[in-house]
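Worksheet: one structure, shown below.
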Amino acid sequence: MGLPEKIKAIEEEMKRTQIHKHTEHHVGLLKAKLAKLRDEQEHLQQSRRGGVGFELRKSGDCTVALIGLPSVGKSTILNRLTNAKSKVGPYAFTTLTIIPGILEYRGARIQILDLPGIISGAAAGSGRGKKVLSVARNADLILLVVDVFQPSQIEVLRKELYEMGIRLNARPPNVTVERASRGGLNLTSTCKLTRLSESAARAIMNAYRIYHGNVVVREDISDDQLIDVVSGNRRYAPSIAILNKIDLVNPNYIAEAKRQMGEDFIAISADRNLNLEELREAIYDRLNLVRVYLKPRNGLPDFDEPLILTSGSSVADICAKIHRKLAEGSRYALVSGTSVKFSPQRVGMDHIIHDKDIVTIV
């Protein structure tokens, strides 16, 4: 029996199995086996094709991917936000490859990628979906674009991204798995678990052939989240939902669309240039960027071209972005700004910088 047949057999068994206390172990085992088989199938397909990604040259300080079904206006959004000239048309599948553009905002150069439209089943390979979604896996932010007349499309996008191992607006579960060569499997939780039983957790670990070691769970997680941790190949990324073409409907319709989408979104009309400044600001904010102004020891700060990093970056990260060998010859930094008590203040390489800090590397 090949991988597709094994996957189908487990899916059918899961449909037949009623979920209750006495089947938790069995269901957890089935879920883990299914996730493991899908990962194996994905790796096999990639090796046969030599990879599934588009050729793409990264540029700018970070990358944003536009994901949506065909003809939702992704190309028009790209053209409005950036210097790109993506082809647009009133028919499906206008974009057949990746079209990049650069959004310059608050000193940051943000690369935005217009990806070909995906369809239901994209994660399984329909319509070159794996190629498209593989690019989204490496993006720093994902924009989910839906047509104002089809707000339920958001569920298709969420499902396909989830099937590709992309977890939107989530963080990795607070779980530690340490393998060992002997001693059995020790499961410890520091909180009350309401969605994961010990039997299901043991079944998942056994499915991944982890028979010895320590598992520490520090938050209430589900069996699917434990599988994500053990598989180790999930991608956690922020996202923004965009409802496009709002110039074609009235405010009451938009309120109903919000109920169908089940999440907050930014309502825009790329064609009429409505609310695009709100979208630019949201993109910048969700990327969680900070601006650092570099200052020579005997010169003035460069306020025209700040160095852009993600929030939580250190002085060592600044050095690494300037040049990979700079940190080796740097002893400390002089920092002025909100991250220090007085300005300038001498700090070490592990000091966390804040937005608009002025930094001199010594």
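The values are calculated or read from the model by the stated rules, or taken from the named source; none is laboratory data. What you are looking at is a predicted structure, and each value in this text was computed from that prediction instead of being measured. Neighbour counts are summed over all protein chains in view; Cβ atoms, including those assigned to glycine, are modelled from backbone coordinates with ideal geometry.
Observations on the model:
- Helices (runs of 4 or more DSSP H) (entirely within the range 121-212) containing at least 1 residues that are at pLDDT 90 or above and closer than 20 Å to Lys74 by Cα: 153-163
- Residue within the range 172-179 that is touching a residue at least 60 places away in the same chain (Cβ under 8 Å) and under 13 Å from Val229 (Cα atoms) present: yes
- Scope the range 335-362; condition in contact with a Lys or Arg (Cβ under 6 Å, 6 or more places away or on another chain) and among the hydrophobic types (A, V, I, L, M, F, W, C); matching residues: Ile358, Val362
- Within the range 60-91, being part of a loop (DSSP other than H, G, I, E, B), at pLDDT 90 or above and under 19 Å from Lys159 (Cα atoms) holds for Leu69, Val72.
- All of Gly232, Gly262 fail the test of being closer than 14 Å to Pro173 by Cα, surrounded by fewer than 16 Cβ atoms within 10 Å (Cβ to Cβ) and modelled with pLDDT under 95, apart from Gly232.
- In the range 155-184, the residues that are surrounded by 15 or more Cβ atoms within 10 Å (Cβ to Cβ) and among the charged types (D, E, K, R): Arg158, Glu160, Glu163, Arg167
- Within the range 222-235, being in contact with a helix residue (DSSP H, G or I) (Cβ under 8 Å, 6 or more places away or on another chain) and among the β-branched types (Val, Ile, Thr) holds for Ile227, Val230.
- Test set (1) in contact with a Ser or Thr (Cβ under 8 Å, 6 or more places away or on another chain); (2) modelled with pLDDT of 85 or more; (3) of a type outside the set (A, V, I, L, M, F, W, C) - Gly107 fails condition number: (1)
- Among (1) surrounded by 16 or more Cβ atoms within 10 Å (Cβ to Cβ); (2) touching a residue at least 40 places away in the same chain (Cβ under 8 Å), the one test that Ser314 misses: (2)
- Within the range 216-225, being crowded, with 19+ Cβ neighbours inside 10 Å, without any contact (Cβ under 8 Å) to a residue 60 or more places away in the chain and not in a loop (DSSP other than H, G, I, E, B) holds for Val217, Gln225.
- The range 276-298, subset more than 19 Å from Ala65 (Cα to Cα) and at pLDDT 90 or above, residue surrounded by the most Cβ atoms within 10 Å (Cβ to Cβ): Val292
- Among the residues listed as Ile166, Ile142, Ile154, the single one being assigned by TED's automatic domain parsing to the domain that holds Gly68 and within 18 Å of Ala35 (Cβ to Cβ): Ile166
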